[in-house]
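The values are calculated or read from the model by the stated rules, or taken from the named source; none is laboratory data. These figures come from a predicted structure and were not determined experimentally. Note that we place each Cβ from the backbone using ideal geometry, even for glycine, and neighbour counts take in every protein chain shown.
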Amino acid sequence: MTVEIIDDGMAELRLRQQLAKARRARITVGIHGDDTARDEAGQTNAQVGAFHEFGTATIPRRSFLGGTFDNRGSAIGAAIDRAAIEILEGRAGTERALGQAAQSMAAEVQAYMSDGIDPPLGPAAVKARSKRLGGKAADNDRFSGDKPLILTGQLRQSIAGRAHFTPGADE
């Protein structure tokens with residue numbers, strides 16, 4: 001079997017275009033403006049997320065975004081590395097490769113939240129959580145004991161990763 005490689009002279013140009021597009025790209029991970037709906041107390045997921053990410057006078061800081069980057073930086077770096085390799089090898093366009101990297105980063109944040117973020121809930125918060133579930137905490141699959149941020153899953157599910165592209169002069 002013989003393999004013939006034909007270079008149409010355009011491969012380098014296509015690669016340069018993809019790399020130029022990647023330089024104009026940015027990835028965001030978090031609660032985006034159009035994903036903020038929430039059912040309880042009239043607060044949005046973005047508000048609840050900010051309360052926990054930065055803390056308030058009554059809620060301790062539980063940084064799920066910054067904490068992910070601090071504790072799972074190697075996994076996030078690996079997602080970016082995979083995207084760069086796919087682009088360089090021509091296996092994926094910039095939009096697809098960076099979009100997948102953004103989704104991988106969001107999955108890391110969600111997993112970090114599921115693992116539990118310090119500090120755990122205090123006894124009063126655990127009691128209030130149990131009461132909110134009708135006192136059936138032990139029988140309720142959603143009850144997470146003293147693990148914060150995951151009672152309903154709304155906040156965790158609102159975490160998304162997106163790749164954004166600024167058009168260039170050649171587009």
**Request:** Only one of these is modelled with pLDDT of 95 or more, outside any helix (DSSP H, G or I) and either crowded, with 18+ Cβ neighbours inside 10 Å or of a type in the set (S, T, N, Q) (or both): Gly99, Gly161. Name it.
**Result:** Gly161
**Message:** Please verify whether Gly49 is surrounded by fewer than 14 Cβ atoms within 10 Å (Cβ to Cβ), modelled with pLDDT of 90 or more and part of a helix (DSSP H, G or I), treating the condition exactly as stated.
**Reply:** no
**Item:** Tally, over the range 1-31, of residues that are modelled with pLDDT of 90 or more and in a loop (DSSP other than H, G, I, E, B)
**Value:** 2
**Complete:** The one condition Ile87 fails out of (1) assigned to a helix (DSSP H, G or I); (2) in contact with a Phe, Trp or Tyr (Cβ under 8 Å, 6 or more places away or on another chain) is (2)
**Request:** For the range 59-76, enumerate the residues that are part of a helix (DSSP H, G or I) and surrounded by 13 or more Cβ atoms within 10 Å (Cβ to Cβ).
**Result:** Phe64, Leu65, Gly67, Thr68, Phe69, Asn71, Ala75, Ile76
**Item:** Residues satisfying the stated conditions in the range 38-97, i.e. charged (D, E, K, R) and within 20 Å of Glu108 (Cβ to Cβ)
**Value:** Glu53, Arg61, Arg62, Asp70, Arg72, Asp81, Arg82, Glu86, Arg96
